[in-house]
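Structure provided below as structure tokens; questions to follow.
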Amino acid sequence: MFLSPGELDGVIEGVMHVLCFENTADFSLVTPVGPSWVVLDIELAVFGDLDWFRAIFLDPNPEACRLAYPRAGDVCYWVLSREDVARVAAGLRPLLDDPIPTEITARLKRLAEHCHLPVLTLAQAVRAAAEGLARLAAKALSREELTPAHTSLL
């Protein structure tokens, strides 16, 4: 059997989903937080303002941490170092505190007004995303050695 380059990319992406997500990310669009994944939607606007999040996920060195495969479409996968995962865990701590720090609360209020959402709804979504990411970071850090399957989609 022969596969075209596009078909091969599709197979590789399927393998990545099987390796990186429990239950191959079933139901990932039904709920934003699952056993081995977190989908950031509106929460990304809040997380994107955090220096540590931006440095790790939005402004990474593309050559140093991007996986070569899969290459299908605009999808790209990143490998995080143990230090980056530890930085994620540390950066999330203030979002899990009660109350949420005032600078985050102010950002939530501005975003909620812009999106016409109740602040409480947005705050709950951000907390759920932070809890999910913290759980994933703790799970990855509990491993002796990190692999792309543990960290590429964290």
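Taking the Cα atoms of segment 76-115, report the difference between the largest and smallest coordinate on each principal axis, in whole Å and largest first.
35, 27, 11
Length gain on complete extension for the stretch Ala86 to Leu141, per 0.36 nm per residue less the alpha carbon to alpha carbon distance?
On the way: separation 55, 0.36 × 55 = 19.80 nm, distance 0.72 nm.
Going from the current span to full extension adds 19.1 nm.
None of the figures in this text is laboratory data; all of them are computed from the coordinates on show. Since we're looking at a predicted model, the values are computed, not measured.
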